[in-house]
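Structure first, commentary second.
The values are calculated or read from the model by the stated rules, or taken from the named source; none is laboratory data. Keep in mind that this is a model prediction, so the values were computed, not measured. Using ideal geometry, Cβ is built from the backbone for each residue, glycine included, and neighbour counts are taken over all protein chains shown.
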Amino acid sequence: MLMVPVEGSNVISAYGWEPQGRVNPRRGDPVTGVFAVEFVRGGTWHYLDVPERVLEDFLLAHSRGAFFLHNIRGKYPEVQIE
């Protein structure tokens, strides 16, 4: 997964997002994916089934670290990668 550096964050050093599964737009299913986060203090985690809209909101957030802590961490299944 391509990781994108995050500048100016005390929490996140990089993030990535990769679509997963099949989507049926006729049913109105949201596109979901794996949201990857590399932390400034070390470690990489994958958050599963994150809607694409959450990624879009993350990218627009004034503070990506705060957005992550309030809207992603603890809200989606997570797996520690490193």
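One residue stands out in region 71-82 among those that are outside any loop (DSSP other than H, G, I, E, B) and more than 10 Å from the chain's Cα centre (by Cα): the one that is surrounded by the most Cβ atoms within 10 Å (Cβ to Cβ), namely GLU78. Only residues that are at pLDDT 95 or above and within 8 Å of the chain's Cα centre (by Cα): list them for region 36-50, please. Hits for region 36-50 are ALA36, VAL37, HIS46, TYR47. Restricting region 40-70 to residues that are surrounded by fewer than 19 Cβ atoms within 10 Å (Cβ to Cβ) and of a type in the set (Val, Ile, Thr) leaves a set whose member that is nearest to PRO5 (Cα to Cα) is VAL40.
Among the residues in region 23-35, are any modelled with pLDDT of 95 or more and either among the aliphatic types (A, V, I, L, M) or buried (at least 16 other Cβ atoms within 10 Å of the Cβ) (or both)? Yes, region 23-35 contains a residue that is modelled with pLDDT of 95 or more and either among the aliphatic types (A, V, I, L, M) or buried (at least 16 other Cβ atoms within 10 Å of the Cβ) (or both). Looking across region 45-82, just one residue is among the aromatic types (Phe, Trp, Tyr) and either in contact with a Lys or Arg (Cβ under 7 Å, 6 or more places away or on another chain) or on the phi > 0 side of the Ramachandran plot (or both), and that is PHE58.
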